[in-house]
Amino acid sequence: MESIQQYISDILPQLGSIIGQFLSQAAGMISYAFSWLHDNPVSAGAVYTQVIRWIMPLLALHILISVLREMLRVRNPKETWGYLYSKDLGRFPINHWECTVGRARHCDITVKFATISKTQCALMRNDSGQWFVHDLSGRSSTLINGKEAESGKGTGTELHHGDTVSIGGVDFIFESITKQEMEIQQQKRIRKSSPLPPWAAFITLTVFQFLTVIELSITRPDNINDILSGFGLLCTVMWGYVIFTRAAGQRGFEPEILAFFACTLNLAVTATSSPSIMLKQAIAITIGVAGFMILGVYLRDLKRVVKTRKFMAAATIALFMVNILFGKLLYGARNWINVMGVSVQPSELAKICFIFAGAATLDRLFAKRNLFGFMCLSGFCLLALAVTGDFGTAAIFFVVFLVIAFMRSGDFATLSLICGATVGAIFMIIRFKPYIAARFSVWGHVWENASGAGYQQVRTMSASASGGLIGVGAGNGWLHNVAASNTDLVFGILCEEWGLIIALLAVAIIVVFSVFAFRVVQTGRSSYYTIAACSATSLLVFQTILNVFGSVDILPLTGVTFPFVSCGGTSMIASWCLLSYLKAADTRQNASFAVRKKNQLTDDVPEDPLALIRKTSLRKPARGRARDDNSSADKKKIIDNKNRTNESGTKAKDQSDE
């Protein structure tokens, strides 16, 4: 005890000395701070800007992560819309509205039997629940109750519950799902694929918008009215859309949340570079949201969509003709027209029509020369863009053409020849177009031409580096003084004023769109929606790559916009309309307004879903395919049946399998 007391008595003077020195140093620091503040007064606005620079990236990251997490959490279970039953081969589920039947591995329903063609026929369902059969085989016909199924460009042969479908001599009984099965399936989909309410993400986005308005009001006090009107209209449109569609039963808002977030960045960039057009840009966002909803609702009816494809192809041609005849030359390209004092870029609207006309249903994919018309349309579009000098948009159209052509044909050889011819055409263009050649010549050498052809990229990279991770604050940058900073070089403004974190999150928005498309097309009900969603996503991704990499000299500067982020009314409207193709492919239960909430069934379906099953002892083949170890007696019976079918009128052909 005495030793402890001695230790305390020894350490107390030292502890008192340490505390005294600490207080003395703290007093000196406080005195210095007050002295510095006296000599360098700091406003509340500057303090707010310094603090908010750290908060905004966290809010943006929370919005993106919450959307991505919800997107990955929800799994869309497979749908079953009917069955093909064979006493000898088993029972095969029909999981799509459009599916192929054959012995090839790529078929949706694979029946491994020698007499069946690789791709025998296609089964297609419409919105009213009616099924149709299209014969796709050049070897043996498909029979419905003993009659040949329709092939070619027709609507197909009607298929009803209980009909006999003869495929390569094998008889199948078609069973449509019943009302009871439909109800069970919908309840299962609601449990597994219904997204969570979007309120948290939208509230976080609203806080982000509110803090942005405060910051811009501090840095741009002279434009406070324009800033309030622009962001006020955006917030009104956003919450109006959410409340209206939520009241209509929609629960999935992942793409819309990201699009509204990108539009918030768009208005922030506009407030910095051109505050006088804030309201005009907000109106363009409003028109884009309206177009997004109108096109999404129109895409509900696949039959109506197919009938409109030719009209949309004609609209694509008309838009480019208007561009050629009345376009105004700007930055080396003649792609702007003036309509009642408003500048419009027809090539942006042509993107919507081009994808609408290029996507196709399953029956068209197997028709002869199904790509001929689309190739002619694509050739005209590329030629028109070459005439107007807009080669950045031409590259985008060409990539979209490759995506659609591959998904419609799968022919690598033809596409390789097309790519080779395109490379040759590019060299010819560079040879005879000095404007394009100049852009390619400076590519990779912008620092050697910092005051000449590389002026824009050099300033963009310098501004991006000065912003660091969190930026200098909205409205505090200088890159907006460079030409085309809010369109072609918008990635530089984001890096400078908002920081590298938010700039990369803006790019991540487009990446998340591609993740969303990849997930929804796996359960798509029609190849039309699948092709449209994939091509629209490819367009957004490739256009973002050209814009971002071009502004920092990784790729040539092509003059294309950053979807949803770059200033421009026509570009904003086109971006929202392209997003509707992704929503149309989203078949999650009550997740998309572009998909009908109720799917009707035909009246010829029995109420009891197990009526036919109890009459026949069904055996299910492994993994939905026929077993390879069929008995020789079963095979002989099927071959005899095929011979009888041929004698009754089946057209046999010696052509090789498709």
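The values are calculated or read from the model by the stated rules, or taken from the named source; none is laboratory data. Treat the numbers as computed from the prediction; the structure is a model and nothing was measured. All Cβ positions, even for glycine, are placed from backbone atoms using ideal geometry, and neighbour counts span all protein chains on display. Side chains included, ligands, DNA and RNA excluded: accessible areas come from the protein's heavy atoms. Shrake-Rupley method; radii C 1.70, N 1.55, O 1.52, S 1.80 Å.
Taken over region 472-506, the criterion of being more than 29 Å from L68 (Cβ to Cβ) and not polar (S, T, N, Q) is satisfied by G475, W478, L479, H480, V482, A483, A484. Against the criterion of being out of contact with any Pro (no Cβ under 9 Å at 6 or more places or on another chain) and of a type outside the set (A, V, I, L, M), G327 does not qualify. For region 295-325, residues that are part of a helix (DSSP H, G or I) and under 30 Å from W131 (Cβ atoms) total 16.
Hey, among A333, A318, which residue is free of Cβ contacts under 8 Å to residues at least 12 places away in the same chain and closer than 19 Å to L382 by Cβ? Checking each option against the conditions leaves just A318. One residue stands out in region 472-507 among those that are of a type in the set (S, T, N, Q) and touching a residue at least 40 places away in the same chain (Cβ under 8 Å): the one that is farthest from T570 (Cα to Cα), namely N476. Applying the criterion of being touching a strand residue (DSSP E or B) at 6+ places or on another chain (Cβ under 8 Å) and not in a strand (DSSP E or B) to the residues of region 122-139, the residue that is nearest to G169 (Cα to Cα) is S137.
Of everything listed in (1) part of a helix (DSSP H, G or I); (2) over 22 Å from A247 (Cβ atoms); (3) open to solvent by 10 Å² or more (accessible area, probe 1.4 Å), the single unmet condition for D171 is (1).
In contact (Cβ under 8 Å) with a residue 40 or more places away in the chain and either within 30 Å of A474 (Cα to Cα) or acidic (D, E) (or both): does that describe S273? Give the steps one after another, and end with the answer.
On the way: in contact (Cβ under 8 Å) with a residue 40 or more places away in the chain: yes; either within 30 Å of A474 (Cα to Cα) or acidic (D, E) (or both): yes.
When the stated conditions are applied, S273 passes them.
In this structure, does V552 turn out to be buried (at least 22 other Cβ atoms within 10 Å of the Cβ), under 30 Å from S441 (Cβ atoms) and β-branched (V, I, T)? So V552 does not fit the description; no.
Any residue at all in region 135-158 that is touching a Leu at 6+ places or on another chain (Cβ under 7 Å) and in contact (Cβ under 8 Å) with a residue 40 or more places away in the chain? No. Within region 407-422, does at least one residue satisfy the condition of being under 29 Å from G524 (Cβ atoms), touching a helix residue (DSSP H, G or I) at 6+ places or on another chain (Cβ under 6 Å) and either modelled with pLDDT of 70 or more or among the polar types (S, T, N, Q) (or both)? Yes - at least one qualifying residue is present in region 407-422.
Being within 30 Å of A585 (Cβ to Cβ), modelled with pLDDT of 95 or more, among the hydroxyl-bearing types (S, T, Y) and open to solvent by less than 30 Å² (accessible area, probe 1.4 Å), is that true of even one residue in region 231-251? Taking every residue of region 231-251 in turn, none turns out to be within 30 Å of A585 (Cβ to Cβ), modelled with pLDDT of 95 or more, among the hydroxyl-bearing types (S, T, Y) and open to solvent by less than 30 Å² (accessible area, probe 1.4 Å). The set of residues in region 451-467 being open to solvent by less than 50 Å² (accessible area, probe 1.4 Å) and either closer than 24 Å to D390 by Cα or modelled with pLDDT under 80 (or both) consists of G452, G454, Q456, Q457, V458, T460.
Would you check if L72 is in contact with a helix residue (DSSP H, G or I) (Cβ under 6 Å, 6 or more places away or on another chain), farther than 16 Å from S527 by Cβ and part of a helix (DSSP H, G or I)? Spelling it out, it is not the case that L72 is in contact with a helix residue (DSSP H, G or I) (Cβ under 6 Å, 6 or more places away or on another chain), farther than 16 Å from S527 by Cβ and part of a helix (DSSP H, G or I). Within region 477-491, take every residue that is within 24 Å of the chain's Cα centre (by Cα) and crowded, with 24+ Cβ neighbours inside 10 Å and give me the one that is nearest to P275 (Cα to Cα). The residue in question is N486.
Run down V297, V305, V289 and say which single residue is farther than 19 Å from T206 by Cβ and open to solvent by less than 10 Å² (accessible area, probe 1.4 Å). Spell out the reasoning first.
On the way: V297 fails: open to solvent by less than 10 Å² (accessible area, probe 1.4 Å); V289 fails: farther than 19 Å from T206 by Cβ.
Within the list V297, V305, V289, the selection yields V305.
Of all residues in region 196-230 being touching a residue at least 60 places away in the same chain (Cβ under 8 Å), farther than 27 Å from R69 by Cβ and among the β-branched types (V, I, T), which is least open to solvent (accessible area, probe 1.4 Å)? Write out each step before concluding.
Going through region 196-230, the residues touching a residue at least 60 places away in the same chain (Cβ under 8 Å) turn out to be 196, 200-201, 204-205, 207-208, 211-212, 214-216, 218-220.
Applying the additional criterion that residues be farther than 27 Å from R69 by Cβ yields 214-216, 218-220.
Right, trim to among the β-branched types (V, I, T) and you get 214, 218-219.
Numbers: I214: 56, I218: 68, T219: 29 Å².
Restricting to residues being touching a residue at least 60 places away in the same chain (Cβ under 8 Å), farther than 27 Å from R69 by Cβ and among the β-branched types (V, I, T), the top hit is T219.
Listed here are the residues, each with its yes/no results for (1) more than 30 Å from E256 (Cβ to Cβ); (2) part of a strand (DSSP E or B); (3) without any contact (Cβ under 8 Å) to a residue 24 or more places away in the chain.
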residue: P57; (1), (2), (3): no, no, no
residue: A60; (1), (2), (3): no, no, no
residue: E79; (1), (2), (3): no, no, no
residue: F92; (1), (2), (3): yes, yes, no
residue: T115; (1), (2), (3): yes, no, no
residue: T119; (1), (2), (3): yes, no, no
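Note on region 46-76: among residues that are among the β-branched types (V, I, T), within 30 Å of the chain's Cα centre (by Cα) and modelled with pLDDT of 80 or more, the one that is farthest from A506 (Cα to Cα) is I55.
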